[in-house]
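First up is the structure itself, then whatever we jot down about it.
The values are calculated or read from the model by the stated rules, or taken from the named source; none is laboratory data. In this text, all values refer to a predicted model and were calculated from it rather than measured experimentally. In this analysis, Cβ positions are derived from the backbone assuming ideal geometry, glycine residues included, and neighbour counts consider all displayed protein chains. Keep in mind that these areas ignore ligands, DNA and RNA; they rest on the heavy atoms of the full protein, side chains included. Shrake-Rupley method; radii C 1.70, N 1.55, O 1.52, S 1.80 Å.
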Amino acid sequence: MDKVNRFKEITSDMAKTYERKNNDYSDSFGQSIREFGFVAGVVRISDKFNRLKSLLLSGKEQKVNDESVQDTLLDMANYCIMLKMEMENGSETENE
């Protein structure tokens, strides 16, 4: 399989994950952005980045088994896309 098709498969899976999580959590990401500004998105991306570093670099046995390196990468990518969407929507907070 070529890389372009694999990229499309991965982003299609990301969209499905986004849809499921958005259903379960409503628009909590968007609500956080409206309440706290774009920094809320940066914090979530940073949390995922720190998780990724921990998974890849710590050398410790992981106690939480439901978030793999692969899951963390996809979550981080989704947060980046979600932040871009919020930025496209315009105002950073409800107060502006």
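Only one residue in 45, 33, 81 is open to solvent by 50 Å² or more (accessible area, probe 1.4 Å) and modelled with pLDDT of 90 or more. Which one?
After applying the criteria, what remains is 81.
Report whether or not residue 61 is at pLDDT 90 or above, out of contact with any Pro (no Cβ under 8 Å at 6 or more places or on another chain) and surrounded by fewer than 12 Cβ atoms within 10 Å (Cβ to Cβ).
Spelling it out, it is not the case that residue 61 is at pLDDT 90 or above, out of contact with any Pro (no Cβ under 8 Å at 6 or more places or on another chain) and surrounded by fewer than 12 Cβ atoms within 10 Å (Cβ to Cβ).
Looking for something under 18 Å from residue 86 (Cβ atoms) and touching a residue at least 12 places away in the same chain (Cβ under 8 Å) - is there at least one such residue anywhere in segment 54-68? Working first, answer last.
Filtering segment 54-68 down to residues under 18 Å from residue 86 (Cβ atoms) leaves none.
No: segment 54-68 contains no residue that is under 18 Å from residue 86 (Cβ atoms) and touching a residue at least 12 places away in the same chain (Cβ under 8 Å).
Return the total of residues in segment 36-75 being closer than 24 Å to residue 13 by Cβ and aromatic (Phe, Trp, Tyr). Can you show your working first?
We begin by selecting, within segment 36-75, every residue closer than 24 Å to residue 13 by Cβ; these are 41, 44-56, 62, 64-75.
So of that shortlist, the ones also aromatic (Phe, Trp, Tyr) come out as 49.
Residues meeting the conditions: 1.
In segment 4-27, is there at least one residue being in contact (Cβ under 8 Å) with a residue 24 or more places away in the chain, surrounded by 11 or more Cβ atoms within 10 Å (Cβ to Cβ) and touching a Phe, Trp or Tyr at 6+ places or on another chain (Cβ under 8 Å)?
No, segment 4-27 contains no residue that is in contact (Cβ under 8 Å) with a residue 24 or more places away in the chain, surrounded by 11 or more Cβ atoms within 10 Å (Cβ to Cβ) and touching a Phe, Trp or Tyr at 6+ places or on another chain (Cβ under 8 Å).
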